[in-house]
Every structure is written in C-alpha cells, then in structure tokens.
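Below you'll find the structure, written out as structure tokens, and then a few comments.
The values are calculated or read from the model by the stated rules, or taken from the named source; none is laboratory data. On a predicted model such as this, the values are computed, not experimentally measured, just so you know. Glycine also receives a Cβ, built like all others from the backbone with ideal geometry; neighbour counts cover every protein chain displayed. With ligands, DNA and RNA removed, areas are computed over all heavy atoms of the protein, side chains included. Shrake-Rupley method; radii C 1.70, N 1.55, O 1.52, S 1.80 Å.
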Amino acid sequence: MSEVSSDVLPRRVAVLSVHTSPLAQPGTGDAGGMNVYVLQTALHLARRGVEVEIFTRATSSADEPVVRAAPGVLVRNVVAGPFEGLDKYDLPTQLCAFTAGVLRAEANHEAGYYDIVHSHYWLSGQVGWLARDRWAVPLAHTSHTLAAVKNAALADGDSPEPPLRAVGEQQVVDEADRLIVNTEDELRQLVSLHNADPARIDVVHPGVDLETFTPGDRRAARAALGLAADQTVVAFIGRIQPLKAPDVLLRAAALLPDGRVLVAGGPSGSGVAEPDALVGLAAELGISDRVTFLPPQSREDLVNVYRAADLVAVPSYSESFGLVAVEAQSCGTPVVAAAVGGLPVAVDDGVSGLLVPGHEPQQWADAIATVVRRDAGELSRAAVEHARKFSWDNTVDGLLASYGRAITDYASTHHRSAARDLLARRSGRRWTMRRGVRV
C-alpha cells in the first residue's frame, strides 16, 4: 500500500449516496456496482482509522435511522419523500428534504465534525455542493455514469436520460473540489463533455474483494445450482435492463448449437416496465430450455455463479468500469465483454478474456465460441492474475491521496480568502461574489 501523509488524512468522511443504499442487494432496482463501491470503500477506509458516515434515502418505514454497518461505518437513512414508488428520475423533487436531513444530522455535532464530503452520482453531488458550502469542507465527487455517455450509446427502445440530469451534472463538475473517476477514459469524457479541469481529476480504479471472490471447484458450484457438470455455461450477472444488454447474450446463444445461459439479476431502470421481457425473448428464440434465470444473488452465492460458469458475458452498451468483470476473473472465470467505457481496463483483451467491438449477436456468438475453445486452465490463471491488479486496498490508497489533495487545496484557498478579507477590511474594499467564489 502506498503511504499517505498523516497530516492530510481525514478523520471523518461524509459519503452521500442519495438514490441507492450501500446496504441494498445489488442486481435489482437501482442497486449495482455503485452500491458495492460505496460499501467496500467505506469498510476499507474504516480499517485505516477513517470514520465514514453514509447518508442515503430511506426507502422503507422499517429502515432504522442509523445502521452500524461495521466498526467505523454508519449508514444514515434520511427520510425524504414517500418510502416507496419513487425511482431515481423522481428524486430531484426530494433533494431539498434530503439535504435538510443531512444538514440536520451534522448540526448535532460540533463544528468541523466532517473533514470532507464524497458524493456519488449527480443527485448526491447536488446535495454535496450545498453541504460543502455550509460545512466549509471540500467536496470530492464520483459520477459513476454520465448522461451524455449513456445517451450516446442507447440500446434500441431504451429511454434517454433527461436534460435535467445533464444540467445537474455540469453544475456538480463545476463545483466539486476533486473529481474522482474510475478510468482514464472517464477522465477524457469529463474534460471533453463537461470542460472539467484535468488538474482536479484523479483516476482511481475500483477494486474487488480478493478474499471472497476466489477460484473454486466448478463441479461443486454447478451441483449447488442444479447445473450439469458437462455442459458449457455462460453467465450474465447484473440488472435486467436494456443498458446492460442481456438480450444480446440470449440472441448470441441462439446462434450456438448448445450450452446453457445463466442469468442472475432483477429488472431495473426501463426494464421494470417489462419484467418478463427476457423470459419472453428466450421463448421466442426457442432456447427456453437452455436458459436458467436466478434472482439477485448474495455475495456468497454470487461466488458460486462465477465459479460455475465457463465464461461471464458483460455486453453492456455503457459501463464506467465493470465490477462484474473483475469479480468473475478473480474467481478464475474469463470474460467476454463489450469494448466500451472502462471494460477495456477491467478485461485484458486476448489474455483474460475477449473484448467485442459491437453488439451484433453473431459477433458475440463467435467470441463466446472462441473463448470456449481456448485452454481453460491458461485463461483461468490469466484471469486471476489480471484481477489481482484491482483491490479495495489499492482503491482506498487512491481515495486517500485524492482526499488529501482536496483538503490541502481547500485549506490553502480558504486561508488565502481569509487573508484577502482582512486586506479588504483594512483598505475598505468590498469583495463581490461570482458563482460562489470571491473575485
């Protein structure tokens, strides 16, 4: 692990995750890789002695106001709007209520309780911007996805992100003290699409739990899932929505002579409108007897799914990184992934799997067949070796370095502002405000 100066280590971080709780089950609703990222980074920060409080919106009357997820990690369920019946596109109307809950929690502490705010997704960034100004601490922000990128790669029939989101993302990019991205590709997107200052952007790769996601007995994993030991198994793990493109895998499977497709996840996003669409597509393609649908899996059960598969398919139209791809490889399972977003970082093309340059079913059928024909032992070893490059400890090293820069720069700017205010009072000059910055 790299060394981070203790002078700029935060004592306590306020993490904002408005639209989805880190305690939610990934693979359904809006819960996915971001949930895993928020929880795992919080747990690993706490192990370094940094306390983390995560603010998220309560979605059930049964949610406790405060949940201790682990020593040093609190999850605060903020009541903002109705518990059920809202998706993330409705949440902008509840940001005022959510912000009030966040500020109210901080008001119960002494001044300077939090050292930095880290917001995830643009909705949280809107709250983080206000909290930053009220608490006089820096704001670090991670977008996870960008509206312009998703809209440029829409699946057929998928709904575009609304203009409100693009405007909100621009505001957060302009206001954040540090922007933390998953890959260099995402850095370039922020610069080209939102005119972000590269000097304020830090690239920090997400990680994988290398102790949980490990290679294991494939026969035992298949037996646990009721799968035959001697058939080819291709798995899809994730939310069932057009963006993640599970239909591409089914169409590719229909072009292959045999093999089983394992789909683990629940409907999400625009996929909620047609929760049985994938089941219907399997029937239409005549492969219902070769497709097994599983509900979203716990971490422990997910390991079995990865181990049971000959390969994992990640055919997404847009993916900021692709945690599923790295988890699969950590279990020794090669990956066939779309060559989009951060997936070329998550997958070592031609070594730990294959990248597919499009979404045509025949392209995917050919790629799957190619990987199945490869030496399984060689691919498995290469996949594990590649996954070892990503760990949550490495991620937290990067986060702490970014937090340190944010805190140092903020303190420097704050001190300069205080000095200018003193000079202004002495000279009788009045400073004006432009976009919240003294000029």
task = Check the straight Cα-Cα distances from residue 88 and name the lysines below 16 Å, setting aside those fewer than 8 residues away within the same chain.
result = 150
task = Might you tell me the accessible area per residue for the stretch 241-370, computed with a 1.4 Å probe and given in Å²?
result = 34 Å²
query = In deg cm²/dmol, rounded to 500, what helix-only [θ] at 222 nm does the chain give when every DSSP H run of at least 4 residues adds -39500 (n - 2.57) and the total is split over its residues?
reply = -13000 deg cm²/dmol
request  = Tell me the label-point distance for the pair residue 376, residue 184, using the 7 Å Cα-to-Cβ offset, in nm and rounded to one decimal.
outcome  = 3.6 nm
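Of all the accessible heavy-atom surface of the stretch 301-400, with the other protein chains kept in place and a 1.4 Å probe, what percent is carbon and sulfur? Intermediate values should be presented prior to the final figure.
Working: 1500 of 3200 Å².
Using a 1.4 Å probe with all protein chains present, the stretch 301-400 comes out at 47 percent carbon and sulfur.
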query = Quick one: Karplus J couplings for the stretch 191-202, per residue in order, coefficients 6.51, -1.76, 1.60, θ = phi - 60°, nearest Hz, x for Gly and Pro?
reply = 5, 6, 8, 10, 6, 6, 7, x, 5, 9, 10, 10
request  = Sum up the charges of everything whose Cβ sits under 11 Å from the Cβ of residue 148, counting Lys and Arg as +1 and Asp and Glu as -1, but leave residue 148 out.
outcome  = 0
note = Full extension between residue 231 and residue 11 adds, at 0.36 nm per residue less the Cα distance, a length in nm of 74.0 nm
request  = Quickly work out the residue 389-to-residue 199 label distance, labels modelled 7 Å from Cα along the C-beta direction, and quote it in nm with one decimal.
outcome  = 3.0 nm
ask   = In nm, to one decimal, how far is the residue 23 label point from the residue 414 one, both placed 7 Å along Cα→Cβ?
value = 3.1 nm
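Below 8 Å between Cα atoms, with a sequence gap of 6+, how large is the relative contact order for the stretch 116-202 in percent? Present the calculation step by step, with values, prior to reporting the outcome.
Values: 110 pairs, mean separation 25.3, N = 87.
Reported as a whole number, the value is 29 percent.
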ask   = For residue 291, which sequence-distant residues (separation of 5 or more, or a different chain) have an amide H within less than 5 Å of its own amide H, given hydrogens modelled in the peptide plane?
value = 261
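Would you mind finding the longest exposed-site-free stretch of the chain, with exposed chymotrypsin sites (Phe, Trp or Tyr not before Pro) meaning DSSP loop and at most 15 other Cβ atoms within 10 Å?
Numbers: sites that count: 83, 89, 431.
Longest stretch, sites excluded: 90-430.
Could you tally the net charge around residue 229, taking each other residue with its Cβ under 9 Å from the Cβ of residue 229, Lys/Arg +1 and Asp/Glu -1? Walk me through the numbers before you get to the answer.
On the way: positive: 218, 219, 222; negative: 230.
Within the 9 Å Cβ shell, the charges total +2.
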query = Which of the aspartates and glutamates could be linked to residue 244 by a straight reach, that is with a Cα gap under 17 Å, when you skip same-chain ones fewer than 8 residues away?
reply = 30, 156, 158, 161, 274, 276, 319, 327, 360
Long-range amide H partners of residue 240 with built H, under 5 Å = 266, 268
inquiry  = I need to check one value: relative contact order of the stretch 93-153, counting alpha carbon pairs closer than 8 Å and at least 6 residues apart, in percent.
reply    = 34 percent
